[in-house]
């Protein structure tokens with residue numbers, strides 16, 4: 001059985017990798033070594049849809065060119081629901097809702113998600129600091145360099161502070177920081193030092209059985225977090241479970257079940 005392809009896609013079949021994104025990995029492909037050669041594969045269903053779309057486009061008054069050399073293959077988006085990273089969508093949404101309630105004059109964030117800081121800066125002025133500063137320019141947002149082991153703030157000076165999904169990385173070297181098994185505790189001490197009396201701290205870390213998954217992150221127990229911040233008052237907590245469920249003020253039983261949950265804590269210094 002032989003197959004003939006239009007001349008315009010010969011180069012793609014010879015070297016298809018530049019047309020493929022990570023979504024191609026793990027997919028099932030049909031291949032013909034007679035046409036593609038060893039290890040040269042292209043999904044037939046994609047080719048069929050491409051040529052069908054191009055035929056339909058001929059009725060579209062030529063608004064766009066449709067050429068195979070412009071292909072950018074996506075194969076993992078045809079799903080029944082929209083997937084998302086539960087940790088990073090839920091914890092940033094939770095923190096944004098807290099700030100919508102507290103409405104601080106200025107909010108200081110240390111190395112949390114840029115999606116969080118950029119969106120929140122639309123309604124609360126935000127100063128964002130990171131070990132690797134972000135070159136980002138938006139109204140309501142200031143971005144600068146900061147080291148969690150030595151924050152450039154006086155004692156008791158920051159009234160609204162966040163550090164989310166960050167502490168678990170400190171001292172593991174992943175982001176070019178020095179190796180230090182107690183790096184996370186030193187960073188927590190800095191957060192406690194700079195937080196003003198009456199000030200709020202939004203803190204987020206992975207929750208489960210305590211362990212280091214070098215060099216990615218640490219996982220903390222709920223009890224550890226409460227011990228590290230025992231000088232503060234807990235106003236609200238939330239948990240993203242291993243199953244991806246978001247729960248406000250979770251029960252001890254649910255907290256204890258997690259292997260890699262996401263614990264969210266709203267503390268206040270009294």
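Data overview
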{"item": "Additional length obtainable on full extension of the chain from residue 223 to residue 115, 0.36 nm per residue less Cα span", "result": "36.0 nm"}
{"item": "Nearest-0.05 FRET efficiency for residue 51 and residue 122, computed from C-beta distance (R0 41 Å)", "result": "0.40"}
{"item": "Peptide ranges 242-249, 200-207, 95-102 listed from the most packed, as the mean C-beta count within 10 angstrom indicates", "result": "200-207, 95-102, 242-249"}
{"item": "Computed E for residue 80/residue 209 - FRET, C-beta separation, R0 51 angstrom, nearest 0.05", "result": "0.95"}
{"item": "Relative frequency of Cα-Cα separations exceeding 29 Å in the range 86-268, percent", "result": "14 percent"}
{"item": "Computed FRET value (nearest 0.05) for residue 44 with residue 65, which takes r as the C-beta separation and R₀ as 25 Å", "result": "0.60"}
{"item": "Fewest-first ranking of 169, 87, using other Cβ atoms within 10 Å as the exposure measure", "result": "87, 169"}
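Every number here is computed from the coordinates shown, using simple stated rules; none is lab data. No experiment lies behind these values; they were computed from the predicted model shown. Cβ coordinates were reconstructed from backbone atoms using ideal geometry, including for glycine residues, and neighbour counts include every protein chain displayed.
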